[in-house]
């Protein structure tokens, strides 16, 4: 059985000596053999694990998931679900990076992009209690489309209105605590209480919703109103509608 010093094992696996010491410290990959001189050595049997760690870290897989995968491999298993879940997250990240690249290009082509002024109108609405099919999760905004599809599937022919999202998180962080709702005539999973809300209609791409929220918050301050969570985003048309998407924002409020 061949034995390797930390420097030799570093060259074999492509993992720096510094990171090998870190992996040893957290119990992910520790030298298996202790010589008569009390020096510790890596062995042939650890080369595959070392190379696997190097490849998985190269695709930014978290160490906790790598540890689970290596543990399964020791038992002769290869848990594809761990890799597939990481691939899904990478896909989301790639989508985000592509949107960021697109925004950078738009900024280069139109330096006044962030100064766009839109015209909005607001009204006060009384919203009655509503029966809905709901799906709630903490996730990324890119998941909303799939959540809406799932909610429509559950609602079936009982759907009675446009889908909307309740945002339970304060602000707009990702991952966000969001709940997709589809109004239904029967088979509801919950009943939303009636609310009084400020309604703002936004016509245009979802990237302009921030401007619509600003308009709504400014209106609430002017009227002496205070928002009470959660706000609702109602998707009145499909995202690919020829006339562009139309979104209604409902900001529930109470008097200050």
>> If residue 194 satisfies all but one of (1) out of contact with any strand residue (DSSP E or B) (no Cβ under 8 Å at 6 or more places or on another chain); (2) touching a residue at least 60 places away in the same chain (Cβ under 8 Å); (3) more than 19 Å from residue 121 (Cβ to Cβ), what's the number of the condition it fails?
In response: (1)
> With respect to the numbered conditions (1) in contact with a helix residue (DSSP H, G or I) (Cβ under 9 Å, 6 or more places away or on another chain); (2) closer than 21 Å to residue 175 by Cβ, which one is the sole condition not fulfilled by residue 89?
Replying inline: (1)
>> So, residue 108, is that one over 30 Å from residue 26 (Cα atoms) and modelled with pLDDT of 90 or more or not?
In response: no
>> For region 161-176, check the following and say yes or no: at least one residue is without any contact (Cβ under 8 Å) to a residue 60 or more places away in the chain, under 30 Å from residue 96 (Cβ atoms) and over 23 Å from the mean Cα position of the chain (by Cα).
In response: no
> Within region 177-202, how many residues are more than 26 Å from the chain's Cα centre (by Cα) and farther than 17 Å from residue 150 by Cβ?
Replying inline: 10
> With (1) under 27 Å from residue 96 (Cα atoms); (2) surrounded by 12 or more Cβ atoms within 10 Å (Cβ to Cβ); (3) modelled with pLDDT under 90 as the list, and residue 152 as the residue in question, which single condition is left unmet?
Replying inline: (3)
>> Looking only at region 23-42, how many residues end up being out of contact with any helix residue (DSSP H, G or I) (no Cβ under 9 Å at 6 or more places or on another chain) and surrounded by 14 or more Cβ atoms within 10 Å (Cβ to Cβ)?
In response: 1
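The values are calculated or read from the model by the stated rules, or taken from the named source; none is laboratory data. All of these numbers come straight from a predicted model, not from anything done at the bench. Using ideal geometry, Cβ is built from the backbone for each residue, glycine included, and neighbour counts are taken over all protein chains shown.
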